[in-house]
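**Student:** Sending over a structure as structure tokens; questions will come in a sec.
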Amino acid sequence: MRTAHEADLDTARIDALRVLIDHANDDLRRALQQRARLVQAVGRVKARSKGPTLDKARESAMLRRFSAKPGPGFSAAALRRIFSAMLRESRALVRRERTRG
């Protein structure tokens, strides 16, 4: 049976890990927002040059690169799903900007 001290240590460890998760979430949000600003900049250049919004070859290459070496944690398939969602949101961001502009 676990002692109260062991339970307290587990609770403290979980709390410490959650703080690290919060920091990782903050880093992820900053990276996603930076990526969004870069995507918007590319979208503006493409709009000025009347270029197409979508570059399927580029997206496919990025998706392959993102999920090529998953390492520990998420599987390659999970990383592809996450990255694909980010790509969908990026395309929507550019479309909204083009509609406004």
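The values are calculated or read from the model by the stated rules, or taken from the named source; none is laboratory data. These figures come from a predicted structure and were not determined experimentally. We place every Cβ from the backbone using ideal geometry, glycine too, and count neighbours over all the protein chains shown.
**Student:** For the structure I just gave you, tell me whether Lys46 is loosely packed, with under 10 Cβ neighbours inside 10 Å and either over 19 Å from the mean Cα position of the chain (by Cα) or under 25 Å from Arg100 (Cα atoms) (or both). Write out each step before concluding.
**Tutor:** On the way: loosely packed, with under 10 Cβ neighbours inside 10 Å: no; either over 19 Å from the mean Cα position of the chain (by Cα) or under 25 Å from Arg100 (Cα atoms) (or both): yes.
So Lys46 does not fit the description; no.
**Student:** So Glu97 ticks every box in (1) out of contact with any Gly (no Cβ under 7 Å at 6 or more places or on another chain); (2) surrounded by 10 or more Cβ atoms within 10 Å (Cβ to Cβ) but one. Which box is left unticked?
**Tutor:** (1)
**Student:** Can you find a residue in segment 6-20 that is of a type in the set (Ser, Thr, Tyr), more than 25 Å from Arg98 (Cβ to Cβ) and either in contact with a helix residue (DSSP H, G or I) (Cβ under 7 Å, 6 or more places away or on another chain) or assigned to a helix (DSSP H, G or I) (or both)? Write out each step before concluding.
**Tutor:** Going through segment 6-20, the residues of a type in the set (Ser, Thr, Tyr) turn out to be 11.
Right, trim to more than 25 Å from Arg98 (Cβ to Cβ) and you get 11.
Those still in the list that are either in contact with a helix residue (DSSP H, G or I) (Cβ under 7 Å, 6 or more places away or on another chain) or assigned to a helix (DSSP H, G or I) (or both) too: 11.
Yes, segment 6-20 contains at least one residue that is of a type in the set (Ser, Thr, Tyr), more than 25 Å from Arg98 (Cβ to Cβ) and either in contact with a helix residue (DSSP H, G or I) (Cβ under 7 Å, 6 or more places away or on another chain) or assigned to a helix (DSSP H, G or I) (or both).
**Student:** Any residue in segment 16-27 that's on the phi < 0 side of the Ramachandran plot and free of Cβ contacts under 8 Å to residues at least 24 places away in the same chain: show its pairings with residues that are outside any helix (DSSP H, G or I) and surrounded by 10 or more Cβ atoms within 10 Å (Cβ to Cβ) at Cβ separation under 7 Å, as long as the two are six or more apart or on different chains.
**Tutor:** Every condition considered, no pair remains.
**Student:** Would you say Arg44 is in a helix (DSSP H, G or I) and among the basic types (Lys, Arg)?
**Tutor:** Values: in a helix (DSSP H, G or I): yes; among the basic types (Lys, Arg): yes.
Yes, satisfied.
**Student:** While we're looking at this one, here's another question. Mind listing whichever residues of segment 72-100 are closer than 25 Å to Ala41 by Cα and not in a helix (DSSP H, G or I)?
**Tutor:** Of everything in segment 72-100, nothing turns out to be closer than 25 Å to Ala41 by Cα and not in a helix (DSSP H, G or I).
**Student:** If only one of Leu38, Leu54 is hydrophobic (A, V, I, L, M, F, W, C), part of a helix (DSSP H, G or I) and surrounded by 10 or more Cβ atoms within 10 Å (Cβ to Cβ), which one is it? Write out each step before concluding.
**Tutor:** Details: Leu54 fails: part of a helix (DSSP H, G or I).
Selected residue: Leu38, the only one of Leu38, Leu54 that is hydrophobic (A, V, I, L, M, F, W, C), part of a helix (DSSP H, G or I) and surrounded by 10 or more Cβ atoms within 10 Å (Cβ to Cβ).
**Student:** While we're here: Quick one: in segment 57-66, of everything that is modelled with pLDDT of 90 or more and surrounded by 10 or more Cβ atoms within 10 Å (Cβ to Cβ), which residue is nearest to Ala92 (Cα to Cα)?
**Tutor:** Filtering segment 57-66 down to residues modelled with pLDDT of 90 or more leaves 57-65.
From what is left, the residues that are surrounded by 10 or more Cβ atoms within 10 Å (Cβ to Cβ) are 58-65.
Details: Arg58: 17, Glu59: 14, Ser60: 17, Ala61: 19, Met62: 17, Leu63: 17, Arg64: 21, Arg65: 22 Å.
Once the filter is applied, the top-ranked residue is Glu59.
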